[in-house]
Amino acid sequence: MRSIVVSSGKGGVGKTSISLNLGIALARLGKKVIVVDADVSMANIGILMGIERTPLTLHNALMGEVPVDDAIYEGPAGIKFVPSGLSIARASKISFSRFEPIIKELEEKADFVIIDSPSGLAIDAETALKSAKELIIVAIPEPTSVADALKIKQMAEKYSVKTLGFVVNRIIGEGHEIKTKELASLLEANVLAEIAEDIQVRRAGSSQQPVMSKYPNSSFARAMNKIALDLCGGASAVAQGKPKKGLLESIVDKLKQIFKR
Ligand SMILES: Nc1ncnc2c1ncn2[C@@H]1O[C@H](COP(=O)(O)OP(=O)(O)OP(=O)(O)O)[C@@H](O)[C@H]1O
Ligand SMILES: [Mg+2]
């Protein structure tokens, strides 16, 4: 019934890892979950689970060749997933007009539809964003992330998609990193989780097993469990952004004005 898109402006911040593992965490709480790989040119979710034999994919459904039902597969912990195809030739011909109706159809079949968005704000990412009811923004603690996250949040507002909050991923803990509280205040959004740079995430990826299965006690897996619990319980915030004056805020104000033009 709920559809949540996991988005970021910047690439490689952890959207796919979070989409898959959050899906598994929700499934372990007894929820019916469908994870959709909306990254039509860089299909990754199947690879992260070691499930690569998926003859029919979101590509076929978007092209109107098959109903989306034919592109739903069983994943770990009882999740279902809709993979994207790996063919570049096909990806370049995809029309996104069927994307939103497909998500609506999937919403009828699950408690949670988690949509793994491609990076950026091109048509593919914009379509994924506006097709969902709710949004989780993934950021890393770098200044460019603020601008990227803001763009995503503003686009969500444009389409009346509710921003649940953001996840700060890949925190190393060095002084130059933007503090999570600062990000929360700049974005005026809830912090859903702070996740450290954790080698186990990459190890799990290399062994093609979800982090939740391979390293259930890792900091990453614990963060997924926390977000899943919050999503199920309704309450969410670790911290709520509060207005705060500072250099970064003035930069953000300028960015906001630019985006509004
Ligand atoms: N907390 C973390 N600690 C260490 N490595 C991480 C963490 N989160 C993600 N990674 C690694 O970062 C890389 C990118 O992650 P992922 O593919 O989930 O990001 P993405 O935002 O989906 O990327 P893309 O924009 O290319 O779709 C992967 O190698 C993944 O294992
Ligand atoms: Mg990805």
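Here are some notes:
- Under 15 Å from LYS214, Cα to Cα: aspartates and glutamates that are on another chain or at least 8 residues apart: ASP198
- In this rough spin-label picture, where each label sits 7 Å from Cα along the Cβ direction, the ARG202-SER97 distance is 4.4 nm.
- Accessible surface of the stretch 2-260, 1.4 Å probe, proportion on carbon and sulfur as whole %: 54 percent
- With 32 Å as the limit on Cα-Cα distance, the pairs of LYS133/LYS226; LYS104/LYS179; LYS109/LYS181; LYS80/LYS179 that go past it are LYS104/LYS179; LYS109/LYS181; LYS80/LYS179.
- Exposure of THR163 as accessible area (Å², to 10), given a probe of 1.4 Å and all protein chains: 40 Å²
- Over the residues of the chain, the helix contribution to mean residue ellipticity at 222 nm works out to -12000 deg cm²/dmol, using -39500 (n - 2.57) for each DSSP H run of at least 4.
- Among GLY233, GLY78, GLY30, the largest mean-square fluctuation in a Gaussian network model of the chain (Cα springs under 10 Å) belongs to GLY233.
- Rounded is the label for the stretch 1-134, because the ratio a/c of its alpha-carbon gyration tensor axes (a ≥ b ≥ c) stays below 1.5.
- Surface accessible to a 1.4 Å probe, per residue, for the residues of the chain, Å²: 45 Å²
- 13 Å beta-carbon shell around ALA77, net charge (K/R +1, D/E -1): +4
- Partners of LYS15 within straight-line reach, counting aspartates and glutamates whose Cα lies under 13 Å from its Cα and excluding those fewer than 8 residues away in the same chain: ASP37, ASP39, ASP116.
- Distance between the 7 Å Cα→Cβ label points at GLU188 and GLN154: 1.3 nm.
- Along the axis of the charge dipole computed for the stretch 12-104 (Cβ charges of +1 for Lys and Arg, -1 for Asp and Glu, origin at the Cα centre), the listed residues GLY30, ILE51, LEU20 are led at the positive end by GLY30.
- Gain upon complete extension [LYS214, LYS181; 0.36 nm per residue less C-alpha separation]: 8.8 nm
- Stretchable slack from GLU174 to LEU229, in nm (0.36 nm times residue separation minus alpha-carbon distance): 16.9 nm
The values are calculated or read from the model by the stated rules, or taken from the named source; none is laboratory data. What you are looking at is a predicted structure, and each value in this text was computed from that prediction instead of being measured. Counting neighbours? That spans all protein chains shown, and the Cβs are built from the backbone with ideal geometry, glycine included. Each accessible area value is taken on the protein alone, full model and side chains, heavy atoms only, with ligands, DNA and RNA left out. Shrake-Rupley method; radii C 1.70, N 1.55, O 1.52, S 1.80 Å.
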